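Since every read-out is calculated from the coordinates, none of them should be taken as a lab result. Keep in mind it's a predicted model, so treat the numbers as computed, not measured. Backbone-built Cβ (ideal geometry, glycine too); neighbour counts: all protein chains shown.
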Amino acid sequence: MKTNAFVEPDDVRGLFSRALSGMYKAEVPQYGALLDLVADINAKVLLESKGLADGLREAGQLDRLDVERHGAIRLGTADELAVMRRLFAVMGMRAVGYYDLSEAGVPVHATAFRPVDESSLKRNPFRVFTSLLRLELIDDAALRQRAAKILAERSIFTPRCLELIGRAERDGGLSDQLAQEFVAQALQAFRWHSEATVDIETYRQLRASHPLIADVVCFKGPHINHLTPRVLDIDQAQAAMLGRGIRAKDAIEGPPKRKCPILLRQTSFLALEEPIRFQAAQAVDGTHTARFGEIEQRGCALTPKGRALYDDLLKAAWEAARDAESKASALARAFEAFPDDARALQRQGLAYFRYSVDRRRPGHPRPVSADASVDELLDRGLVRAEPLVYEDFLPVSAAGIFRSNLGSEGAAHYNVGGNRKAFEAALGTSVMNEFALYEAAQAASLEECKRELAHVQF
Ligand code: OOG
Ligand code: NI
């Protein structure tokens with residue numbers, strides 16, 4: 001078979017993301033309502049702010065907005081994670097970043113599967129926050145072994161899904177028909193199961209250890225637990241959610257509202273209580289909460305220096321705040337120390353940018369030397385700088401999202417720290433470094449500018 005007969009991984013990802021969204025809409029109607037709400041707000045914001053619309057269009061962000069979303073799953077075993085990596089690779093998604101959530105009392109570590117090339121991100125930046133349960137954090141040895149045994153007995157991928165992953169790896173891609181089939185089969189691993197694989201007593205014991213452990217261990221598969229569209233104004237969205245009677249989380253995670261958005265701001269509505277049938281001689285009914293809705297606003301990616309400042313200010317705000325209300329004002333106060341205009345962020349090396357030759361200003365008499373600094377190019381108006389969008393996640397925010405959706409039992413403390421080595425051993429490869437990806441994108445854009453400026457006759 002010729003290579004050009006294969007569907008592009010970007011297109012497989014597009015198909016999968018659309019199919020997953022359709023499935024989740026059918027399973028959780030509130031998600032559909034949330035998509036409508038976000039589409040309304042985005043249309044309104046774009047209409048009201050021509051500057052924002054132009055900026056997004058130029059940065060290639062406008063077209064991807066309608067298809068942009070992330071989801072999350074929680075896996076139980078190293079094998080599940082290894083196969084999930086291969087499944088996502090068929091869709092052009094790689095594991096980026098390591099997130100240790102144990103520090104925040106959640107017994108998992110995680111990565112984000114996402115596209116990494118600029119052209120792929122522009123097409124469809126679908127990402128999946130993928131956690132792996134750390135069974136070693138269950139104190140009770142008998143319960144730990146029980147959980148491991150239950151997990152070892154399940155198989156979350158259909159045999160045909162495994163076959164098609166192997167086929168894609170062997171042949172280097174999938175034909176149109178096989179790609180469609182792959183999407184349908186892959187989807188099975190993400191669907192909801194209203195029947196538990198355990199009896200209610202086992203469920204309760206695992207739940208008492210940590211609600212997340214019950215969520216991972218007691219079901220046939222790692223049901224997608226939320227899908228998050230990208231909104232252009234999260235404060236408006238939060239107000240609109242409350243206005244439509246959606247029980248949103250009380251505070252927005254991440255940085256406060258700013259003129260020049262950074263990183264990621266997120267809010268969610270609470271998990272649904274869903275009827276579950278438990279195993280027993282005579283099936284027993286109960287409930288479980290796992291699935292929820294979330295929206296997010298994305299801002300620019302920060303350098304390690306910018307990120308360190310963000311982490312410090314967030315910590316200072318938390319220490320200063322006594323309750324939810326004072327948290328919002330403490331956050332706003334703390335972040336006064338974070339420059340809030342693009343040029344200052346650029347000059348101080350706090351954020352990443354994509355540089356492009358500014359063709360709106362004709363007539364530059366002096367040639368540009370190959371070693372001209374970015375500042376010089378910007379000051380002379382030869383290049384423009386667009387912030388690079390943050391494509392990843394924030395561990396403190398993620399922990400807040402986990403906590404708000406797992407129920408009140410989840411007040412565990414683990415003092416073990418992360419274990420990236422074990423995570424990467426399970427994954428079967430090392431995770432990519434997100435800073436290196438932004439750095440490379442920024443450097444490539446600057447190189448391109450210099451190449452153009454060396455040739456262009458103004
Ligand atoms: C994942 C929570 C993390 C986010 O947006 O930070 C996440 C989960 O609850 O499984 O999705
Ligand atoms: Ni999320």
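What the table below lists for this structure:
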{"item": "In Å, descending, principal axis extents of the Cα set of the chain", "result": "86, 64, 42"}
{"item": "Gap separating the Cα centres of the range 50-123 and the range 411-431, nearest whole Å", "result": "18"}
{"item": "Dipole magnitude (debye, nearest 20) for the range 242-350, charges at Cβ of Lys, Arg, Asp, Glu", "result": "460"}
{"item": "Order by protection proxy (mean Cβ within 10 Å, highest first), peptides 102-111, 143-152", "result": "102-111, 143-152"}
{"item": "Local net charge near R94, Cβ-Cβ under 9 Å (Lys/Arg +1, Asp/Glu -1)", "result": "+2"}
{"item": "Peptide ranges 415-428, 186-199 listed from the most packed, as the mean C-beta count within 10 angstrom indicates", "result": "186-199, 415-428"}
{"item": "DSSP-loop trypsin sites (Lys or Arg not before Pro) across the range 2-77, with at most 12 other Cβ within 10 angstrom", "result": "K2"}
{"item": "Mean Cα-pair separation over length for the chain, i.e. relative contact order, pairs under 8 Å, 6 or more apart, %", "result": "20"}
{"item": "Gain upon complete extension [S155, D379; 0.36 nm per residue less C-alpha separation]", "result": "74.8 nm"}
{"item": "Folded to 0 to 90 degrees: helix 29-48 orientation relative to the chain principal axis, Cα", "result": "10"}
{"item": "Label point distance in nm, R167-E336, each placed 7 Å from Cα along Cα→Cβ", "result": "6.3"}
{"item": "Antiparallel DSSP beta bridges within the chain, as percent of all bridges there, nearest 5", "result": "80"}
{"item": "Folded to 0 to 90 degrees: helix 9-27 orientation relative to the chain principal axis, Cα", "result": "50"}
{"item": "Chymotrypsin sites (Phe, Trp or Tyr not before Pro) restricted to the range 95-136 and DSSP loop, no more than 16 other C-beta within 10 Å", "result": "none"}
{"item": "Distance (nanometres) between label positions extended 7 Å along Cα→Cβ at A59 and D11", "result": "2.9"}
{"item": "Radius ratio Rg over Rh of the range 280-435, counting only Cα atoms, Kirkwood formula for Rh", "result": "1.12"}
{"item": "Protection proxy ranking of 385-395, 430-440 - average other beta-carbon atoms within 10 Å, highest first", "result": "385-395, 430-440"}
{"item": "Cα long-axis angle, helix 78-90 against the chain (0 to 90 degrees, to the nearest 10)", "result": "40"}
{"item": "Cα-centre dipole for the chain with unit charges at Cβ (Lys and Arg positive, Asp and Glu negative), debye to 20", "result": "360"}
{"item": "Cross-link pairs beyond the 21 Å C-alpha cut-off, checked among K50/K305; K122/K259; K249/K327; K257/K327; K149/K220; K305/K421", "result": "K50/K305; K122/K259; K305/K421"}
{"item": "Listed residues L65, A53, F190: farthest to the positive end of the dipole of the chain (Cβ charges)", "result": "A53"}
{"item": "Dipole magnitude of the range 333-452, debye to nearest 20 (Cβ charges: Lys/Arg +1, Asp/Glu -1, about Cα centre)", "result": "220"}
{"item": "Length gained when the stretch E447-L47 is fully extended (0.36 nm per residue, less Cα-Cα span)", "result": "140.6 nm"}
{"item": "Fully extended contour minus Cα-Cα distance, from E118 to S175, at 0.36 nm per residue", "result": "18.1 nm"}
